[in-house]
Amino acid sequence: MSRRLVVALSGGVGGAKLALGLSRVLPADELLVVANTGDDFEHLGLSISPDIDTLTYVLAEIDNPATGWGRRDETWSFMDSIGALGGEDWFRLGDRDLALHVERTRRLRLGQTLSEVTSDICRRLGIGARLVPMSDDRVRTRVRGDAGWIDFQDYFVRRQCRPVVHELAFDGVMRARPQDDILAALRSGDVRAVVICPSNPFISIEPILAIPGMREAIKASGAPVVAISPIIGGKAVKGPIAKMMRELGHEASAAGVAARYGDLLDGYVVDHADADRVGTVGARVTIARTLMTSLHDRETLARVTLDAADALASLQ
Ligand code: GDP
């Protein structure tokens with residue numbers, strides 16, 4: 001019998017677009033979405049998991065399509081009020097969004113794991129696919145700029161990615177264990193594909209892959225690993241990826257992203273705009289439209305990715 005499970009590694013905005021496509025073309029019990037939690041932080045006394053939040057809202061189809069993060073039909077009374085009191089308003093938390101953080105924080109304080117909280121919230125919001133954090137252990141991405149080490153959200157949101165990045169670190173990662181469902185899936189012998197979503201490799205995917213045992217478990221799963229380039233036509237669709245790649249001494253290109261994943265990749269999906277520049281990336285290249293504007297784009301790219309994985313599996 002053919003293998004069924006698709007394990008998708010994802011950050012926030014770019015990753016969630018493809019995760020939604022996958023969730024719409026696969027039966028719910030065939031998709032496991034693994035979220036980066038290196039961006040997680042504590043703010044205003046709340047436990048915030050930005051990539052889990054984005055994935056949750058996108059998969060529940062209650063996301064804000066204009067921003068790519070947060071909820072749609074959002075109101076901002078809390079933000080306006082806290083700003084007027086002289087409080088911290090640099091990280092935007094809408095009124096509806098706030099409810100998720102308050103509830104997550106309450107449950108974590110009661111001793112539930114991030115996996116348990118995420119799974120129950122997904123169920124309540126009607127999400128069929130499984131969404132899990134990369135680990136239930138604490139990992140925190142830090143950024144070394146000219147003025148030394150700063151927390152990730154300080155770099156990403158407060159300073160809007162302006163500091164030059166010299167180095168990244170994932171604090172706590174060496175003590176972290178992959179979340180249980182991920183290991184169970186990868187060891188099941190039933191994995192059809194491991195999909196690396198079009199997310200920022202440095203800050204969304206590498207924290208996941210840096211967890212001891214994760215890369216090995218992916219390799220040992222025997223499933224083809226297929227990534228989708230987050231760079232189109234040599235440019236980021238959104239976010240600091242191109243700037244970050246240059247600052248860290250890498251070529252800001254689709255080929256540069258593939259080089260970061262190295263021998264983990266079996267397949268690589270790149271845009272038509274990069275077809276001539278991708279060169280030899282050490283993986284089987286599929287050329288497709290990779291810009292996801294509509295829901296149809298998301299579903300089509302999901303199908304293209306699965307077809308690429310199935311073609312690789314048939315060669316093995
Ligand atoms: P973050 O955690 O919110 O930064 O989100 P991700 O790391 O998952 O996604 C950011 C990346 O998604 C950026 O590098 C973008 O270039 C990429 N991205 C956003 N939208 C698209 C899209 O429609 N297609 C592709 N191929 N990449 C995209």
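Derivation of every value follows stated rules applied to the coordinates shown; laboratory data play no part. Given the structure is predicted, the values throughout are model-derived calculations rather than measurements. Reconstructed Cβ throughout: ideal geometry from the backbone, glycine too, with neighbour counts over all protein chains shown.
Side notes on the structure shown:
- Summary of the geometry: the stretch 23-45 and the stretch 266-316, compared by the centres of their Cα atoms, lie 22 Å apart.
- Square roots of five times the Cα gyration tensor eigenvalues for the chain, Å: 29, 23, 19
- From phi via Karplus (6.51, -1.76, 1.60), per-residue ³J(HN,Hα) for the stretch 37-49 in Hz, x at Gly/Pro: 10, x, 7, 4, 7, 9, 8, 6, x, 10, 8, 10, 10
- Efficiency of FRET from Cβ geometry, residue 120 and residue 144, R₀ 30 Å, rounded to 0.05: 0.25
- The calculated FRET efficiency for residue 43 paired with residue 171, based on their beta-carbon distance and R0 = 25 Å, is about 0.90.
- Given R0 = 35 Å, the distance between the Cβ atoms of residue 187 and residue 110 translates into a calculated FRET efficiency of 0.70.
- Spin-label proximity, residue 162 to the stretch 44-59 - amide N less than 20 Å from point 7 Å beyond Cα toward beta carbon: none
- Stretching residue 311 away from residue 243 to a fully extended chain increases their span by 21.1 nm, per 0.36 nm per residue minus the current alpha-carbon distance.
- Annotation: amide H-H contacts under 5 Å for residue 166 (H modelled 1.01 Å from N, sequence separation of 5 or more, or interchain): 144, 145.
- Kyte-Doolittle mean at least -0.5, axial Cα span of 18 Å or more - DSSP H helices of the chain: 13-25, 295-315
- Where labels lie 7 Å past Cα in the beta-carbon direction, separation of residue 219 and residue 77 in nm: 5.5
- Straightening the chain between residue 303 and residue 280 buys 5.9 nm, computed as 0.36 nm per residue apart minus the Cα-Cα spacing.
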